[in-house]
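Participant: Before I ask anything, let me first share the structure, which is written out below as structure tokens.
Only the coordinates and a few stated rules stand behind these numbers; no lab work does. In this text the structure is predicted, and so the values were computed from the model without any measurement. Cβ coordinates were reconstructed from backbone atoms using ideal geometry, including for glycine residues, and neighbour counts include every protein chain displayed.
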Amino acid sequence: MFENLQDKLNKAIKTLKGQGRITEINVAATIKEVRRALTDADVNYKVAKDITDRIRDKAIDRKVLISVEPGQLFVKIVQEELTELMGGEAQGINVKGDPAVILIAGLQGSGKTTFSGKLASYLKRQGRTVLLVAADIYRPAAIDQLKVLGEQVGVEVYSEPENKNAVQIAQNAITQARKTGKKIVIVDTAGRLAVDEVMMKEIEAVKRAITPTETLFVVDSMTGQDAVNTAKTFNERLDFDGVVLTKLDGDARGGAALSIKTVVNKPIKFISTGEKMEALDVFYPDRMASRILGMGDVISLVERAQQAFDEEESKRINAKMRKNQFDFDDFLSQLQQIKKMGNVKDLLGMIPGMGKMIKDLDIDNDSFKPIEAIISSMTPKERQRPDIIDGSRKKRIAAGSGTNIQQVNNLLKQFDEMRKMMKKMNTMQASGKLNKMMR
Ligand code: GDP
């Protein structure tokens with residue numbers, strides 16, 4: 001996410017960080033480079049100029065030049081300004097009402113349907129009852145897509161494939177939600193490839209008819225300045241409550257995230273970072289600013305883990321680790337839980353300093369595939385007692401999993417080392433050494 005911008009900002013600030021004494025000239029040059037980094041990332045020129053002017057004023061105000069750690073102080077100022085630029089405080093969505101109605105708008109392909117599914121799943125995890133509504137009357141495939149997502153996340157989907165009146169469908173869905181006691185209705189609407197009058201009129205009519213508690217505008221962050229322009233047009237017609245930025249897992253340059261708040265004066269409320277239903281985060285401007293500056297985002301990482309990890313399963317596996325009984329079935333289960341947290345590269349990027357290191361590495365969730373295939377090719381007994389896996393078993397496993405003996409050997413070796421490590425920690429813990437070491 002925002003790797004290029006991160007890289008350029010860090011380069012710009014590095015000179016200041018490395019110097020004990022800095023001069024006005026250094027600061028001016030750094031500020032100019034920060035501005036260039038922002039415009040290169042597709043941030044609107046005026047927005048970039050305003051923020052860098054403010055950074056300069058603050059730097060003078062707080063006497064960066066004569067401070068003990070000029071570089072650190074400067075980074076802090078940039079972090080504060082980026083946070084402010086992206087909206088300051090995080091803004092939640094309004095789910096009050098009986099039912100609360102959330103209207104989803106945006107261009108076709110922006111990720112509306114995917115987001116509707118994710119939002120339903122997110123709200124369901126909070127213990128709310130949700131009804132998803134397929135109000136796209138032009139593309140029958142869109143109804144099917146929402147049905148598939150609904151099934152995946154365990155949320156009912158309302159649709160009327162024969163009805164060509166989006167307003168009616170939305171109204172009927174709300175009546176249905178009332179009857180069945182659903183507290184939140186999410187209406188996924190039709191989008192067009194470009195802004196178009198018929199579409200705008202339709203969504204305006206839907207909005208008027210159902211008076212949503214929350215109207216969210218979904219936009220593809222990869223479209224840069226276009227995203228900002230589309231947001232402006234939609235906002236003029238719909239006066240939406242918040243923005244959802246999608247596809248931030250791609251090589252978005254960041255411009256949209258950084259300019260939208262200033263241009264339309266509406267907060268970004270969610271960001272979507274992948275096709276999986278779990279790849280949704282509430283947008284926190286301060287955490288995003290830290291990520292952009294390569295400072296990581298450990299809080300979001302922990303939150304993702306909490307969402308994805310099944311507590312009972314974690315307890316069970318922990319108990320097995322403590323008894324030195326951790327086996328390949330447990331390993332597979334852990335792997336699946338990690339995968340549920342979303343894109344691995346994205347997760348690693350949340351660790352401070354890691355983003356830069358893994359920038360050019362090709363890591364994706366498919367990297368786990370050979371490991372999963374190898375474990376799946378083992379018999380239950382082999383998974384519990386890998387020590388019985390001899391040469392001929394290895395051959396069978398390699399053939400069954402479409403890998404080779406070396407890959408099987410590697411996995412067995414790594415697994416063995418992992419178990420040894422767990423054993424060591426258990427003994428240390430028993431003797432109280434671990435606590436001592438931790439301290
Ligand atoms: P809609 O036409 O606005 O409903 O868009 P869709 O929800 O059908 O999404 C269009 C395409 O973008 C689909 O292939 C989605 O899987 C993909 N997509 C949606 N959100 C994300 C995201 O956050 N990251 C990535 N990489 N792909 C996404």
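Participant: Based only on Cα atoms, what Rg/Rh ratio does region 115-249 have, Rh being taken as Kirkwood's radius?
Facilitator: With Rh from the inverse mean 1/r over Cα pairs, Rg/Rh is 0.95.
Participant: What residue among Ile374, Ile292, Ile143 shows peak mean-square fluctuation when the chain is described by a Gaussian network model with Cα springs under 10 Å?
Facilitator: Looking only at Ile374, Ile292, Ile143, the biggest GNM fluctuation is shown by Ile374.
Participant: With a sphere of radius 9 Å drawn around the Cβ of Gln337, what net charge do the other residues whose Cβ falls strictly inside it have (Lys, Arg +1; Asp, Glu -1)?
Facilitator: In short, 0.
Participant: So, one more: Got a sec? How would Tyr45, Tyr138, Tyr284 order by Cβ neighbour count within 10 Å, fewest to most?
Facilitator: Tyr45, Tyr138, Tyr284
Participant: Separate question: With only Lys, Arg, Asp and Glu charged, each at its Cβ (+1 for the first two, -1 for the last two), find how big the charge dipole of region 3-85 is about the Cα centre; round to the nearest 20 debye.
Facilitator: 280 debye
Participant: Between Asn44, Asn426, Asn165, which gets the highest mean-square fluctuation from a Gaussian network model of the chain, Cα cutoff 10 Å?
Facilitator: Its mean-square fluctuation being the largest, the pick is Asn426.
Participant: How long is the gain from Glu312 to Glu275 if the chain were fully straight, where each residue apart is worth 0.36 nm and the alpha carbon distance is subtracted?
Facilitator: Extending this stretch completely gives an extra 10.7 nm.
Participant: Per the helix-only calculation at 222 nm, which mean residue ellipticity applies to the chain, given -39500 (n - 2.57) for every DSSP H run of n ≥ 4 and division by its residues, nearest 500 deg cm²/dmol?
Facilitator: Value at 222 nm, helices only: -18000 deg cm²/dmol.
Participant: Same structure again: Return the subset of Lys76/Lys345; Lys147/Lys339; Lys14/Lys46; Lys339/Lys423; Lys147/Lys182 for which the Cα-Cα distance in this structure is over 19 Å, preserving the input order.
Facilitator: Flagged as over cut-off: Lys76/Lys345; Lys147/Lys339; Lys14/Lys46; Lys339/Lys423.
Participant: Calculate, in nm to one decimal, what Ile388 and Ala305 gain on full extension: separation in residues at 0.36 nm each, minus their alpha carbon distance.
Facilitator: 26.5 nm
Participant: Let me ask something else about it. Let me check I've understood the local charge: for Gly191, count other residues with C-beta under 12 angstrom from its C-beta, Lys and Arg +1, Asp and Glu -1. What total comes out?
Facilitator: Value of the local net charge: -2.
Participant: Please compute the net charge surrounding Val264, taking Lys and Arg as +1 and Asp and Glu as -1 over other residues with Cβ under 15 Å from its Cβ.
Facilitator: Once positives and negatives cancel, what remains is +2.
Participant: At 7 Å along Cα-to-Cβ for each site, give me the label-to-label distance between Lys320 and Tyr138 in nm.
Facilitator: 5.1 nm
Participant: Can you work out the Karplus-derived ³J(HN,Hα) for every residue in region 389-398? Use 6.51 cos²θ - 1.76 cosθ + 1.60 with θ = phi - 60°, whole Hz, and x for glycine or proline.
Facilitator: Residue by residue, region 389-398 yields 6, 9, x, 6, 5, 4, 4, 4, 5, 4 Hz.
Participant: If r is the Cβ-Cβ distance from Asn172 to Ile405 and R0 is 45 Å, what FRET efficiency results, to the nearest 0.05?
Facilitator: Efficiency at R0 = 45 Å is approximately 0.15.
Participant: State, as an integer percentage, the relative contact order of the chain based on alpha-carbon contacts under 8 Å between residues 6 or more apart.
Facilitator: Relative contact order, the chain: 16 percent.
Participant: May I pose another question? Among Pro212, Gly127, Gly92, whose Cα lies farthest out toward the positive end of the dipole of the chain, if unit charges sit on the beta carbon of Lys, Arg (+1) and Asp, Glu (-1)?
Facilitator: It is Gly127.
Participant: Multiply the residue separation of Lys420 and Asp364 by 0.36 nm, subtract the distance between their alpha-carbon atoms, and state the gained length in nm to one decimal.
Facilitator: Once the chain is fully extended between Lys420 and Asp364, it gains 17.4 nm.
Participant: As an exercise, identify the trypsin sites (Lys or Arg not before Pro) in region 299-340 lying in DSSP coil whose Cβ has no more than 12 other Cβ atoms within 10 Å.
Facilitator: Answer in residue order: Lys323.
Participant: Could I ask something else about it? With +1 on the Cβ of every Lys and Arg and -1 on the Cβ of every Asp and Glu, and nothing else charged, how large is the dipole of the chain about its Cα centre, in debye rounded to the nearest 20?
Facilitator: The dipole magnitude comes to about 1640 debye.
Participant: A further question follows. At a 10 Å Cβ-Cβ cut-off, how would you order Arg139, Arg383, fewest neighbours first?
Facilitator: Fewest to most other Cβ atoms nearby, the residues stand as Arg139, Arg383.
Participant: Same structure again: Which of Pro70, Val187, Val47 sits farthest toward the positive end of the charge dipole of the chain, with +1 on the Cβ of Lys and Arg and -1 on the Cβ of Asp and Glu?
Facilitator: Pro70
Participant: Now, a different point. For a quick check of your reading of the filter: which trypsin sites (Lys or Arg not before Pro) in region 160-240 sit in a DSSP loop and have no more than 10 other Cβ atoms within 10 Å?
Facilitator: For trypsin sites (Lys or Arg not before Pro) across region 160-240 that sit outside H, G, I, E and B with at most 10 neighbouring Cβ atoms in 10 Å, the list reads Lys164.
Participant: Along the positive direction of the dipole of region 305-438 (beta-carbon charges: Lys, Arg +1; Asp, Glu -1; about the Cα centre), which of Ile405, Met428, Gln307 reaches farthest?
Facilitator: Most positive-ward Cα: Met428.
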